[in-house]
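Worksheet for the structure shown next.
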Amino acid sequence: MCGAVAAGFERRDGWRQREVPCGLSWESEKMPRRQSSRPPKQHIHSKSQTDLSAWRKGGNIDSEKSLQNQSVNDQKYDSQEGSLEQALSYLEKVQGRVALKKNSVLQKHLNAVESTALTQGLPPEGFEILLNVALSGRFADTVNTCLLKCLIPASVIPENSVVKAVSWLCVSKCSANIQLLFLKWLITVFDFIDHKEQLRALYGFFFFFLQDEKMCPYVCHLLYLLTRKENVKAFRIRALLDLQAKMGIQSHLQALLSLYKLYCPEQVTITLPGKMKTYFKNPEGPWKAAITAVRQRNQGTSPLSQRMLLGTSQPQSRKRKWNAQLVIPASSTNTNNLVEDREKNSVCLYSTNQSFPVEQLKTFPQLLQNIHRLEFPSQMGSVLANPLLLHYMNCVKDESIYLRLYYWMGQMLQEECTWCVVDNSSEEEFKSFLETVYKSECFLQEGFSACEEFLYKTLPLWDGLCCRSEVLSLLSWISFSSFSDIKSYIYDPLAQLFFTSSIYFKCSVIESLKELLQNWLNCNEFQMDLEFSPLNTTLSGQVNTVAELVHFVGRISTVALRLEKNSTFLLYFILDFYGTVCDMYLKYNLPLLIMPPAGVFYPALLSMDPVNLNQLCYIMYRYRTNLIAAKENELSKKKVLQFKFSNRTYKEYNQYIIAMVGCLWTSSAFQKDIHPQGLCMDDKLLSKTAVKELKTSFNIVYHPAMMGYSIEFLQQICPDDTTFNFKLIKGKRWDWYLEYLYTQGLKGLKVFIESSISRVSQATCSKAENVEA
Amino acid sequence: ESADPQQTAFALRKAWTLYSVTPLHRFRRSRLSDYARLLSAFIAAEKQKGLAVEVGVELDIKVALSSLAELRGSELDQAALLVQLSSRSRASSKNSEDKLVWSGWFCSMFGDELSENVPENFTCLPLFLTHGAESYTSLVGSWFQKTFDCCFRRLAISPLNLSWMVAMWAGYKLERAASAVELVFSMPCLSQPLDISYAIHPEDAKALWDTVQKTPGEITQGEVDVFMDCLYAHFHRHFKIHLSAAKLVKVSTGIASAHCDGIVKILHSQYLPGVLMLLTELAISQIQ
């Protein structure tokens, strides 16, 4: 395009004909020079019709609330828009030059357009049609003027319609006055155009029009609005200087030159007056007042159009408070920096090393290409809404980034917290904000300190209901380092809520704490090589923090299982937590293993549900693997390790194993259990229960959780036997039964039995058989 | 400790609405005139949002930013920053005085607790006081938020802090005949709002405080409680109303007055730093 413009300047006389140079391949697509070959009218017509109805629907969105008003509204809309619709379709179809005089039909339609425009503004779809008509010279100038004056946007103006209009301008079908009026209109409504990329692509064409003396001031203003750094070219500067030489010093030319100089100080070497009183006059025109009036009228009823007016894609907060920023700010370049850079007056900042505006950052490849010249947005809070900037944040380790985010987030959380601030009813907004914060934390794999402080401050006041899942999720990103506060600020208030809330709340808390534990374990590399750091106090601090969390969960789980009558559902979440705990040594290199308390272990062992029993088996298997690894490590090292699992852990593990083997395998649960809180019972006491065959009542066949499997198995091996003779499961059948259990997905049971139960010899006589015998 | 009376005169005898402000990021004291220009353009643009703005024209609202070097406490404090918006009427001639329509100032009085902990490119001026239309506050505030990535929050004053203020201020000596010490209480849980105003002769209040305070120059929560309890007991003796059950909403003394909504009026320049110090402390505790 630039080439074309340059060429155009050389052939300065040529362009006077107002014909667009034809040597360009792309221009034939964009220029409606061949407007005679417009697309079939029918097609356009139907399109505009559907679009119009869509717009009407949009306009009615707000009246959904007031259903009783709906019919009244509809009537009103129908009477007005019906005629606008008709008018538009008439204007679109009309052919040849039409005179206004004595043409009552045209007059009627013009009136319809005018009245709608001045009251409601025009829908986006109307602009293309009206601009087409007004600039194609089909009507007399009075009609064209009237139409242009009606171009009051209700919401936005589609860029496309403006681009088409500009192409009409290029073929000079309309008079100079109309051209001028169009330019004034374009300047006035510039901010209402929905996109400007294509319009910017026409920069060179606008530049042509500078040659027209009358249009020059307006074109300058428009160029002033359109100019970006990449538009500043040596030939354009030359052309402007030529113009200035011809026309004398003009404020509009000076304005454009000073903008060029701002962008490329090294290219524009002339001195410009430092201060101009006015560069551009406000383009006079009828639109400004009308737009304001239309907007005021629409604003009351439709926040939707308001949003479009402001060009923000973010939904506006319902709040009227200006400093309530629950809406995450849109990312925009820090203008503060721009000005600062300009002051430094260093050439490099604008030419070679110019920064990449965050507004333009849309794709990941863009991020990669521009990562060296990217700057954080003017308001750090906007990174939360922008995953690309979060990526960038991950790469930049700068304290001030975190500090800005810290202050912003801290103030926002405090100001908007629905259970701390009394007159705050927007729970939904706060919820979604918390969710955004949580998602960002997950993305960055670290917690925000502002959020953590917020939890410390507000958890004691929390009712456990408001934004429940969001608050509990945020809990999981509390940072590891702050262990000294965590008990009084988190555990204590949480325990209070935990004990007094529903089972679902309990499950969610346990789950969050599991996430917390996992995040702690993932985010820390535990250095175990203690030969080089004999007394690593941080490590011991870390170990204590983790231990504190695990013990806390153990305590509340014990109580919760009692309160909820050993609920299977709750147990599932608790065992899930221990699924992480049992592997801390091998998986996360943390010299710490904590057995579940008896209050968790026994309800799981005696659970009525095979899923939990299976999970318990798996957990005990992992404990065993971890403990053996630790023991081996201990033996292989000559020096005394700072961290050694206490004998208590081994002892506890062994007690549990005996209980488990007794309960699942040897049918000796009541005799051999040696845990103080275990199942061991006096024979006399047992006999009082009057249960027959006490001895066999707990093993993989008789265990209540396994009973379903054993019945199924019996039915398969002896389909005719209806007496459920469980004693049949022994010897070879015992092995089959095991195989059967394994195929039923009891993988935990499998690894447990294979690791923890030594079977004398499968071929000769199995231990099971001995026991059974 | 008292600041230059000329510089601080603007701050006296006006009702200031209080805000806390988080540290300003990349604020440069040397660029105040640029900021003023940008802020006035911002105000003009916001006022006619969406419509073309005349470029370079003299705008209706003139913005002036200035440093108040005197208005600071410790070495670490930044000088206060005054923002003034004045309107020029188009009809009148150039030499007519611009009319001040809004003013606001950022300040830090012994705000070391905050300023010693922030990196270099942050400027701590945690207390923001405004006087004028809320719409201008919102425009100026939004611009500062956008430009320096800071956050504004209204600074409410709790009844506890109000009682501190009244106890402190009652104890100050004033040469001139001072106005009464007044406490306004609002009765809770009533269908009709009911306020009780409790006025005390300043000398009586001072005498009471002097008997309560043990070490001059030092105030403890216990002393403040005793002071308030004495006032409550006295009131109860006469009116049989327990004021301790009501909410203290406003206190006014010859030094200053303060409302729980976060509005203060400072009357005496000598005690300006003292009042600002207390307010700075409140602002910082809201930020951290």
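The values are calculated or read from the model by the stated rules, or taken from the named source; none is laboratory data. Computed from a prediction, not measured in an experiment: that's the story for all the values here. Ideal geometry is used to build each Cβ from the backbone, glycine not excepted, and the neighbour counts take in all protein chains shown.
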Exception for residue A:434 within (1) over 13 Å from the mean Cα position of the chain (by Cα); (2) more than 11 Å from every other protein chain (Cβ to nearest Cβ) falls at (1)
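Give A:711, A:674 a once-over and let me know the one that is among the β-branched types (Val, Ile, Thr), in contact with a Phe, Trp or Tyr (Cβ under 7 Å, 6 or more places away or on another chain) and without any contact (Cβ under 8 Å) to a residue 40 or more places away in the chain.
Step by step, each of A:711, A:674 is checked, and only A:711 is among the β-branched types (Val, Ile, Thr), in contact with a Phe, Trp or Tyr (Cβ under 7 Å, 6 or more places away or on another chain) and without any contact (Cβ under 8 Å) to a residue 40 or more places away in the chain.
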Picked from region B:234-264 (must be crowded, with 19+ Cβ neighbours inside 10 Å and among the small types (Gly, Ala, Ser)), the residue farthest from residue B:174 (Cα to Cα) is B:246
Filter region A:159-208 for residues that are in contact with a strand residue (DSSP E or B) (Cβ under 8 Å, 6 or more places away or on another chain) and away from chain B (no Cβ under 14 Å); the one that is surrounded by the fewest Cβ atoms within 10 Å (Cβ to Cβ) is A:159
### Query
Is there a residue in region A:369-380 that is closer than 30 Å to residue B:261 by Cα, within 14 Å of another protein chain (Cβ to nearest Cβ) and either modelled with pLDDT of 85 or more or not in a helix (DSSP H, G or I) (or both)?
yes
All-but-one check, residue A:229 against (1) within 14 Å of another protein chain (Cβ to nearest Cβ); (2) touching a residue at least 40 places away in the same chain (Cβ under 8 Å), failing number (1)
Of the conditions (1) modelled with pLDDT of 90 or more; (2) assigned to a helix (DSSP H, G or I); (3) buried (at least 19 other Cβ atoms within 10 Å of the Cβ), the single one that residue A:430 does not satisfy is (1)
Considering only strands (runs of 3 or more DSSP E) wholly within region B:146-213, the ones with at least 2 residues that are within 18 Å of the chain's Cα centre (by Cα) are B:152-154
If we keep only residues of region A:232-261 that are within 12 Å of another protein chain (Cβ to nearest Cβ) and of a type in the set (A, V, I, L, M, F, W, C), then the residue farthest from residue A:194 (Cα to Cα) is A:255
Per the filter on region A:461-471, residues assigned to a helix (DSSP H, G or I) and surrounded by fewer than 20 Cβ atoms within 10 Å (Cβ to Cβ) are A:461, A:468, A:469, A:470
Counting only residues in region A:381-403 that are in a helix (DSSP H, G or I) and of a type in the set (Val, Ile, Thr), the one surrounded by the fewest Cβ atoms within 10 Å (Cβ to Cβ) is identified as A:401
If we ask which residues in region A:490-519 are surrounded by fewer than 18 Cβ atoms within 10 Å (Cβ to Cβ) and either assigned to a loop (DSSP other than H, G, I, E, B) or β-branched (Val, Ile, Thr) (or both), their number turns out to be 4
(1) of a type in the set (A, V, I, L, M, F, W, C); (2) at pLDDT 95 or above; (3) under 36 Å from the mean Cα position of the chain (by Cα) all hold for residue A:561 apart from (3)
The one condition residue B:190 fails out of (1) surrounded by 20 or more Cβ atoms within 10 Å (Cβ to Cβ); (2) farther than 23 Å from residue B:101 by Cα is (1)
ask   = Out of all the residues in region A:415-427, is one or more buried (at least 20 other Cβ atoms within 10 Å of the Cβ), outside any loop (DSSP other than H, G, I, E, B), touching a residue at least 24 places away in the same chain (Cβ under 8 Å) and within 12 Å of another protein chain (Cβ to nearest Cβ)?
value = yes
**Prompt:** Would you say residue A:614 is among the polar types (S, T, N, Q) and modelled with pLDDT under 95?
**Reply:** no
With criteria (1) surrounded by 15 or more Cβ atoms within 10 Å (Cβ to Cβ); (2) touching a residue at least 60 places away in the same chain (Cβ under 8 Å), residue B:231 comes up short on (2)
- Given the structure, is residue B:229 closer than 29 Å to residue B:283 by Cβ, assigned to a helix (DSSP H, G or I), away from chain A (no Cβ under 14 Å) and among the acidic types (Asp, Glu)? yes
Inside region A:586-610, the number of residues satisfying the requirement of being touching a residue at least 40 places away in the same chain (Cβ under 8 Å), under 26 Å from residue A:701 (Cα atoms) and part of a helix (DSSP H, G or I) is 8
